[in-house]
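Asker: One structure is given below, represented as C-alpha cells, and several questions about it will come after.
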Amino acid sequence: DGTLNFIEPSPAEEGTAVFFNGTGSDDNGTITYLWESSIDGELSTDEDFSISNLSLGLHTITFRVQDNDGDWSDAASESLFVFAYPVAIAGQDSTGTPGVPLQFSGAGTDEDGTIAKYEWDFGGDGVFEWSSTENGLNTYIYNNEDTYMATLRVTDNDGFTDTDTVEITISEKKIQID
C-alpha cells in the first residue's frame, strides 16, 4: 500500500522548494516509488524529495508504490497549484507644481496570467483613491507643496497583489530674474 502523506507548501510560488512525502509497505519484499505530475511528468522515484523547478499551473500529483512482484498500488493524488506573483511598476519619481495635473503611468506584469486591477494611493496613507481594470494610467492634482509617496497596487487574475512606490515632489516653480 502507498500513502501520500503531504505536499507542502500548497499552493506554491514558482521557484519555491516543494516537499513531497509518501510511504509504502510490502509484507514480503521491497518497494519502489513513483511520483508524477500531470504537467511535468515523472518527478521522482524517492519516498521523500523536494523540487523547486515545477512549471506554472495546476498540477495533479500522483503517488504510487510498486512491490517486488511488480504489482502497483492504487494511485493517491493531490492537486498542487504553482503560481507567480504579479509585479507592479509604478514608474519614475517625479516633480510637479501645486494645482497642475501630474501624469501617472503605472503598469504590471503577471507571468501566469493577467493583471485584473490597478489601484493608486496618491497620498501614501494606505487609501487607494483610484482603481481601474484597464490600466494604471491616470492624472492626479496635488494642491500643496510637499513630498508624497504614491503607491501602485496591482492584483492578478489569481487574486495575488504587488505594490511599487514612487516619490512625488510638489513645489512652486521659482522664477529667477537676473
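Asker: Please work out if residue 10 is under 28 Å from residue 112 (Cα atoms), within 19 Å of the chain's Cα centre (by Cα) and open to solvent by 30 Å² or more (accessible area, probe 1.4 Å).
Answerer: Considered against the rule, which asks whether it is under 28 Å from residue 112 (Cα atoms), within 19 Å of the chain's Cα centre (by Cα) and open to solvent by 30 Å² or more (accessible area, probe 1.4 Å), residue 10 comes out as yes.
Asker: Condition check: assigned to a loop (DSSP other than H, G, I, E, B) and surrounded by 12 or more Cβ atoms within 10 Å (Cβ to Cβ). Does residue 33 satisfy that?
Answerer: no
Asker: Then there's this: Restricting attention to region 44-58, does a residue exist that is in contact with an Asp or Glu (Cβ under 6 Å, 6 or more places away or on another chain) and assigned to a strand (DSSP E or B)?
Answerer: Looking through region 44-58, none of the residues is in contact with an Asp or Glu (Cβ under 6 Å, 6 or more places away or on another chain) and assigned to a strand (DSSP E or B).
Asker: Same structure, new question: Just one of 99, 2, 106, 22 is under 30 Å from residue 170 (Cβ atoms) and buried (at least 19 other Cβ atoms within 10 Å of the Cβ); which is it?
Answerer: Of the residues listed, the single one that is under 30 Å from residue 170 (Cβ atoms) and buried (at least 19 other Cβ atoms within 10 Å of the Cβ) is 106.
Asker: Restrict the check to region 164-176 and report whether at least one residue is surrounded by fewer than 18 Cβ atoms within 10 Å (Cβ to Cβ), acidic (Asp, Glu), over 30 Å from residue 56 (Cα atoms) and at pLDDT below 95.
Answerer: Yes: one or more hits.
Each row is one residue, and each column tells you yes or no for (1) of a type in the set (D, E, K, R); (2) under 30 Å from residue 111 (Cβ atoms); (3) crowded, with 18+ Cβ neighbours inside 10 Å; (4) touching a Phe, Trp or Tyr at 6+ places or on another chain (Cβ under 7 Å).
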{"position": "47", "(1), (2), (3), (4)": "yes, no, yes, yes"}
{"position": "52", "(1), (2), (3), (4)": "no, yes, no, no"}
{"position": "67", "(1), (2), (3), (4)": "yes, no, yes, no"}
{"position": "73", "(1), (2), (3), (4)": "no, no, yes, no"}
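Asker: Could you list all residues from region 159-178 that are assigned to a loop (DSSP other than H, G, I, E, B) and of a type in the set (D, E, K, R)?
Answerer: 172, 173, 174, 178
Asker: Still on this structure, I have one more. Could you please let me know if residue 141 is open to solvent by less than 30 Å² (accessible area, probe 1.4 Å) and β-branched (Val, Ile, Thr)?
Answerer: The answer is no for residue 141.
The values are calculated or read from the model by the stated rules, or taken from the named source; none is laboratory data. These numbers were taken from a predicted model, which means no experiment stands behind them. For neighbour counting, all protein chains shown are included, and Cβ atoms are generated from backbone atoms with ideal geometry for every residue, glycine included. We work out accessible area using only protein heavy atoms, side chains counted, and drop any ligands, DNA or RNA first. Shrake-Rupley method; radii C 1.70, N 1.55, O 1.52, S 1.80 Å.
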